[in-house]
Amino acid sequence: MLKVRVIPVMLWKQVGLVKGVGFDSWRRVGTAMPAVKVYNTREVDELMFMDITATDEGRAPDVAAIDELAAECFVPFTVGGGIRDLETIRILLRSGADKVAINTAAYEMPDLVREASDRYGAQCVVAGIDARRDDDGSYLCYSHSGTRATQHDPITWAKELERLGAGEILLTSIERDGAMNGYDLELIERVTRSVSIPVIAQGGAGNYAHLTAAIKTGASAVAAASIFHFTEQTPAEAKAFMAKQGIPVRTTATHEPVSHDFGTF
């Protein structure tokens, strides 16, 4: 089994980081640069920076901010939000992003995933799937930050994204987002069984056991925001916990509890 990854997510809205529940991101939680510097010390495997209003505002991600953050980020850096063409991807990669996350544009322009994969390599392309579970137990994909229903179910869409050349999938449960009550394990299991590329689980992590459960269900990585912003739990301690559960992780030390001074973010 390959070593799994723990990936903090920074949700960027206009001028700072935010936290929400169910994709309703309204609570300001600070600025991005201090967060990057803190995460550099916490043994994270990657960082994600999502400009959550870029698509609705019809603009590309804030390249100046990304360039500044990437200069201080010492792990692979994924950028998403508002990506609609190869030129934007080129600019982001030149600005320091290691990967780009494509979500809404993939529904409207599926060839963008294929073209990005062909030009820059599948390892650069993270395809986002935001899914909501209906009362009958079925799932549906949503675009535009979870506000518009599509005609796709996440299993079929994941297979198509893999066929188009995506290197991995960022799978988010909309109703679990920010709730900190655990990942949607059924959704993770269904999607991971349908594709051969890595799946990053997102939406619902509230403790280390939740992270572990997502990996044991089939995810190759876990992405989370609230657990690291609003509790004293850290990525380094999460990896130490998972290692004790027999999950292979990249770690260099045994970690004592570390207070997460949210006020520095």
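The values are calculated or read from the model by the stated rules, or taken from the named source; none is laboratory data. From a predicted model like this one, the values you see are computed outputs, not experimental measurements. Every residue, glycine as well, gets a Cβ built from its backbone with ideal geometry; the counts of neighbours run over all protein chains shown.
Okay, here's what the table says:
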| item | result |
| --- | --- |
| In region 144-196, the residues that are aromatic (Phe, Trp, Tyr) and assigned to a helix (DSSP H, G or I) | Trp157 |
| Residue pairs meeting the criteria (Cβ under 9 Å; at least 6 apart or on separate chains; first closer than 14 Å to Leu86 by Cβ and surrounded by fewer than 24 Cβ atoms within 10 Å (Cβ to Cβ), in region 98-111; second among the aromatic types (Phe, Trp, Tyr) and modelled with pLDDT of 95 or more) | Val100/Tyr120 |
| Tally of residues being assigned to a helix (DSSP H, G or I), more than 22 Å from Gln123 (Cβ to Cβ) and either in contact with an Asp or Glu (Cβ under 8 Å, 6 or more places away or on another chain) or of a type in the set (A, V, I, L, M, F, W, C) (or both) across region 44-73 | 2 |
| Checking Met242 against (1) closer than 26 Å to Gly146 by Cα; (2) at pLDDT 95 or above, the condition it does not meet | (1) |
| Members of region 128-185 found to be over 17 Å from the mean Cα position of the chain (by Cα) and under 13 Å from Val21 (Cα atoms), listed by number | Asn181 |
| Residue list for region 26-43, filter: outside any helix (DSSP H, G or I), in contact (Cβ under 8 Å) with a residue 24 or more places away in the chain and either over 20 Å from Gln233 (Cα atoms) or in contact with a strand residue (DSSP E or B) (Cβ under 6 Å, 6 or more places away or on another chain) (or both) | Val29, Gly30, Thr31 |
| Subset of region 103-122 [polar (S, T, N, Q), out of contact with any helix residue (DSSP H, G or I) (no Cβ under 9 Å at 6 or more places or on another chain) and not in a loop (DSSP other than H, G, I, E, B)] | Thr104 |
| Neighbours by Cβ (under 8 Å, 6+ apart or cross-chain): first from region 118-135, of a type in the set (S, T, N, Q); second outside any strand (DSSP E or B) | Gln123/Gly167 |
| Conditions (1) surrounded by 18 or more Cβ atoms within 10 Å (Cβ to Cβ); (2) over 29 Å from Arg90 (Cα atoms); (3) touching an Asp or Glu at 6+ places or on another chain (Cβ under 9 Å); (4) of a type outside the set (Gly, Ala, Ser); number of the one not met by Ile188 | (3) |
| Residues located in region 74-102, provided they are more than 24 Å from Tyr39 (Cα to Cα) and assigned to a helix (DSSP H, G or I) | Leu86, Glu87, Thr88, Ile89, Arg90, Ile91 |
| Check on Ser95, buried (at least 17 other Cβ atoms within 10 Å of the Cβ), touching an Asp or Glu at 6+ places or on another chain (Cβ under 6 Å) and under 19 Å from Trp12 (Cα atoms) | yes |
| Answer residue from region 80-92, given it is buried (at least 23 other Cβ atoms within 10 Å of the Cβ) and out of contact with any Pro (no Cβ under 6 Å at 6 or more places or on another chain) and is farthest from Asp130 (Cα to Cα) among those | Leu92 |
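Condition check ((1) buried (at least 24 other Cβ atoms within 10 Å of the Cβ); (2) small (Gly, Ala, Ser)) across all residues:
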site	(1), (2)
Thr147	no, no
Asp153	no, no
Glu162	no, no
Glu168	no, no
Ser173	yes, yes
Ser194	no, yes
Ser220	no, yes
